1. For residue B:108, which of the numbered conditions (1) within 14 Å of chain A (Cβ to nearest Cβ); (2) part of a helix (DSSP H, G or I); (3) touching a residue at least 60 places away in the same chain (Cβ under 8 Å) fails to hold?
2. Working only within the range B:234-253, note down all residues that are modelled with pLDDT of 90 or more and closer than 20 Å to residue B:324 by Cβ.
3. Identify all residues within the range A:148-174 that are within 12 Å of another protein chain (Cβ to nearest Cβ) and farther than 14 Å from residue A:130 by Cα; write none if there are none.
4. Name the residues in the range A:225-253 that are away from every other protein chain (no Cβ under 14 Å), of a type in the set (Ser, Thr, Tyr) and part of a strand (DSSP E or B), would you?
5. So, of the residues in the range B:53-97 that are open to solvent by less than 20 Å² (accessible area, probe 1.4 Å) and within 14 Å of chain A (Cβ to nearest Cβ), which turns out to be modelled with the highest pLDDT?
6. Residue B:160 - would you say it is over 30 Å from residue A:143 (Cβ atoms) and aliphatic (A, V, I, L, M)?
7. When the range A:101-113 is examined, which residues are found to be surrounded by fewer than 20 Cβ atoms within 10 Å (Cβ to Cβ) and in a loop (DSSP other than H, G, I, E, B)?
8. Spot the failing condition for residue A:197; the list is (1) within 14 Å of another protein chain (Cβ to nearest Cβ); (2) modelled with pLDDT of 90 or more; (3) farther than 20 Å from residue A:95 by Cα; (4) open to solvent by less than 20 Å² (accessible area, probe 1.4 Å), and only one is missed.
Amino acid sequence: MSTNRPYLILHHAGDIQDELQEYLDSLQAKVVELDGYESGMELTHIITTGEQDYNSLGRMFNTVEDDIKIVALGVVKDYPSFIANNGRFIVDQKWFSDQMGKVALDKFFKGQASVHLDENFPSMKEGSSFKVTNHLRIGNDMDRLSAFVHSHDGSVVNVRTYVDHALYYLFYLKQAGIGGAPFEVDYGHTGHETIVQIHLPVKNYVAEYLLDSFGEPNGQDPLRYLLAICAQSTDYMEVQYIQSASKLVLTGLWQNKKGVRTLRFGSLLINQVFTTAQIERNIEQQLMLAKTKTAEELEELNNKSLPGHLLEMVMPETGHDGYLKDHPDLAKNLVAFAIDKWKETNPDQDIAQVTETQMMDMLTDYFDAGEIANLQEVDVQHVMDRVRKNNVSQAYEQEIDRVRGSLKDDEKFQQSLKDTFADKVAEKISGDFDEANMAELIKGTQAELDVPVVVSGGAGEGDAAIMVKGKKAKDDMIQKISGSIDSEIESQMIKGSKIKTDDFVMRISQGIGDQVKGDWKYKSNLVDTLAPKKVQDHLTRFATKMGQTLDKLTSSDLQLFAQSELPKIMDEFVTVDESFVIPETVLPELPDYKFQSIFKNELQAKMQQLYPGKSADEASGLITPEEQEKLLREVLKTSVKKIVASNPGTDEAALIKTLSHYLKGSEADIKTIISGSREEVKKIESAQVIEKLFSPPTQSGNEGGNSGDAANGILIQRLRQLESEFNTAKGQLEAANTELKVLKDARNQMHKIDVKSKDAVNAMMAQESEADAALLPMNQKMQMIQDLASGKEINPEDAQRLKEALEREQQILQAAKQAELDIKKAKLEMQQKESFFAQEIEKANRALKSRDIVVQKAKDGLALMMAKKDKEISDLNIKVSTMVGAMNNSPQANNAQKLRALEQEKQSMSRLVEVYKNKLTSMASNMEKQGSSSSPKKDEEVRKITMDKQRAEVALQAAQKDLTKLKSRMELDQAETQRLRAEKSRLEEALKSAISTSGPIGAQASAKTEDQSGKLKKLELDLAMESQRAGKYEISIKELEAKVAELTGALAKAGSNP
Amino acid sequence: MSNSITNPIWSPPTLGELQNLEGEQLVQWELAPGDLYLKTNSGKILRLKRAGDFLELPWREKFKASKNLLWKPFVQTDKVSDLVKSFQHWQQAQDPVDYELAKNQFMENLRLGLRPDGGLKMIDWSFACRELFKSDSQLVEEFQNKHVVLYRRGLLVSSLAVLLSLASGYHDPRFLKEIYHVSWWLDAGLIHDDFSYWVSLACQEERWRPGGGDALLKENGASEKEVNLFLEHPRFGYEKAIESLGKKLEYPELLMSILRHHEKSDGTGFPEGMSLSVMSDWETLMMMADNMVDYREEVLEDHLHNGILTLWKAFQARPIEGLPVHRIVEKFRFWLRHPHVEVLSA
């Protein structure tokens, strides 16, 4: 588990020798001396000696939790604490001088492992193997292994000890349901070492299963020490867990007794075996990683669209047998195309009215003619059916509009359309151009190359945009005259009627060209009707200056006027208004001049490219006719492309006219060419729209915010924001409601107090009035006060009445003050309550929020715990079923039956004993009878017989005693069995409760079961021995009987021969 | 690979070649030791069962009373009986020396018997295995009723798996018995409504090139269900076996072989595309047996009616790259060539 971390090794104690240092260097491991250690370092290993207190080392560096492996370079006496604290490698450094030692290092640091001996130890020269399926039947194979070891100068005893103990450990694993069978035992010899390797499949093997088996030898619980014995029996022992294949590999290695020994003490490697805590920690880390990853992926997904398209919902599968059935994408494209095309060609008609002929016509315009050729009648019908459905056509129309809208904003796409249009036009024109046309074009070009190019607005003012002042009118015309396409510097205004000024400017511009050359009617018309008065005056003066009349002016005169005089005139009536911003309405440039210029430049550039340094004449002498034609076509194509590209299509008529003029083609032909090209470009655009219609939106599309999905994203975001605002508002509303309620309560209380105080005041007032009325009227009282003030005397009665009246007033004032105080108190109280309620509400809100967070966390935690518990329960279930199976198969299950059989046997034996006893008694009495008349010889024999009989009786009594013992033993066994059964039930209960509390059982429970099984086996053996003994008694009784019979026969014989 | 058939397996017999079959004799057979015929009233001879076919009890009861049953023996019952006795003798030997002697004797008898000049055919060995390990009659019947080729394969694959186990050093009769039983289940996933001849050919093709089975099905326009059955049959079989056998086995790990019998060591197999470089011999035994036995009926019958070398040569002619069985192959090759001694590591 630590393999992903860079090696950071703490050299805690002991000397690191050169071989090990070299190896660590090759791993690029960083070795930190103890002095250089700082807390927080993520150690992977600690190198130490074998004499450490591993418990304190483990606590100090948290070796288990942080999976820091301890390497001991000396003898380790306390295996359990070494292993429990993540001690994984005990090794004699001298061994690293051997190839085998380096192999071990690779295994330890790089986790290399295999289940095959020859792969684990490549230097293996010869060997053999056997399979163990029954541990009671390995003697023969063990003998063969011993012979092999012996023949290779190996330690037979050590090898046998190792294999025996290892196999028993593995059988414990099998009994616990952790290990599987068969065990494969491979052994071999490298020439210097004997190696025995055992592997088996295991399930969920953890270090705890191993730790418990490295204890001190114990008579009661062999599982506690089996691996310790294994480790102590080998020069090097390796415990390797291959998690990917769920295999456990135990390997023992012994160096030859003769030869150099590089392993001077028992070495041990425990590789890739992790404790439950380490596994859990790793799982948690993986879980965290997975969670983070999932969160990242979710975040990524948020920016992605779902597969498929809403349009597919309104487009059910093709249910016919035509071509479209197997081409659903084409079907969708055709439907979209037809709807789009229909909208374009029949904007005012519903597509539901489409006829089959119209549909066929539309489809023939589809950009992939090959696909259309494959269509069958059913396909056309299918497309018609689809487009006629209102929901389909509407959905498609909306989508097409959306996509087209987004494409209009796509500058690159629009530019590519323009380029394509120019390409197409240029291609067609250059293809249709014959040699004569070309020659003429060249000729015309040569002749016209020197024509001065005059740009409206006057020379040197190319960058100016002019506003020309005309006559004052309400609709002051504002027209920008663009002299060049460069950025404007300033704006000027031409004032005048819009139409006239427009025409004027236009015609002046055109007049400078060749269209109006010599066409006086045109000029006259221009000057007379369109030019503003000032211009007309200047022109007349110009004509006079030239010594001519206005109508005699030639086109060259006009041109001269335009060049030299017009700009001056313009200056006179032009005012500059820099603050004025003119809309971007540009008069068309003069394509004719531009075309000439472009063609000339292109031709010159090409000729220079072909014949660098040559003049045009020299070059034309060198070029062949074929090359010339090719060159001219190329130049023509480029020029046309450029001129078309500079005309964005807003004035198609002008373009057609220009091209027609220069290329000497009819306008109709040029128009056809241009329209054809536009059609083709339209097809490309439609194709792009349709393609985009069904393609998922790109990331940039989302970012740009032009696509519907981006809009949806914004909408969703807005919705979320609204939802959040709504929630806030809802909270506020609730708070306000509470506040309102509190205020209402307070108001009610206030009202009550108010009413109460008013009542009190009223009552008092009434009382006062009554009293006053009874004691002293107001005017009298005032009179008395005035009298007193002016020093007059009043009679004592009046004085008394006044005194009472004043006292009463004082009382009323007191009462009023008290009432006021009460109101103030109530107000204060209300404020306090309000503040208290607000605080309480705030507290409640905070509590709710924190509870929500806690609940959410608890939910997450519970989900994790549930998953974990489910797994644990499932594992425990498996263990329980395995254990129950094992218990059912164990001798316990058969014990009762065996006991019954033994009981029966015992009873039959008792009966037999009784029979023999009776027999002996009768035989003795017979002998006594016979003996009364016998001779001394016979007496002797009788004595012998009697003695024999007595012996037999003693033997019988002993047998009976044994039987009694046996019986009591059996009873004890039964009791023990009962106890074991109870134990079993208790164990089952414990297991069940363990499931509920999901605590680990594993090896402990297995061990306990094993313990019980062992006891049962022992009992069974005892019973068998008792039976055997009883059998022996039976035999001796039979022998006795035979002897008695023999003696009886002899006696009888003796009796008959006195 | 070798497709040549050494002997024609069956041709219509003449009356002289057939023997009368008594009803009482028929009732005792669970597997037909030869081809069974019925002579009709019109004198025609109809073949009822082939040698090795499973004879369901109702069927036996039905034909028990017939006086017109004939048969042509194929299985050498005496040799089968000798093999069975020899195996039992070995397993019952208590003394280690006797045990070794009996084991060597049995292994030698088997090895020499199955060689071309030994006279023992694979069908005889299949009968001996059936008698020794008693396969699950219900499953066997299901195989035969659903698809006879799968049944015939089961007969050969299971006995071959035992043979490979013996040659690889697995001598515990309980282990051998379970190997035999589990081997029958290798094709259990194919007992399915969607099974077709094409699926069996796909299994065949897959042996020769990874991914070939799937491709073959698609090339031949197999249905989605057929493709799914082919790709999932190891899992189907495994799940069925778990349900049916799982709790009865002493070595339930063996069942994993059903799931993995189409896996390769380089991850090109299915259903999990595992990399199986760390498999033990016992885990690859059944994979190898399954790979050795053909799905094509004529080849399969040829292998059943010959000794081991016909089968072995056919297998050797195939590429086995990617199959993690080279250790078993080496051990088996060694066993075939040499008198039985302890099999050394390759």
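The values are calculated or read from the model by the stated rules, or taken from the named source; none is laboratory data. Everything numeric in this text was worked out from a predicted model, so none of it was measured. When we count neighbours, we look across all protein chains shown, and the Cβ atoms used for this are built from the backbone with ideal geometry, even at glycine. Ligands, DNA and RNA are excluded from the accessible area calculation, which covers all protein heavy atoms including side chains. Shrake-Rupley method; radii C 1.70, N 1.55, O 1.52, S 1.80 Å.
1. Evaluating residue B:108 over (1) within 14 Å of chain A (Cβ to nearest Cβ); (2) part of a helix (DSSP H, G or I); (3) touching a residue at least 60 places away in the same chain (Cβ under 8 Å) leaves (1) as the failure.
2. Applying the first criterion (modelled with pLDDT of 90 or more) to the range B:234-253 yields B:234-243.
Result: B:234, B:235, B:237, B:238.
3. Residue satisfying the conditions is A:174 alone.
4. A:236, A:251
5. By that ranking, first place goes to B:90.
6. For residue B:160, the condition - over 30 Å from residue A:143 (Cβ atoms) and aliphatic (A, V, I, L, M) - is met.
7. Matches in the range A:101-113: A:111, A:112.
8. (3)
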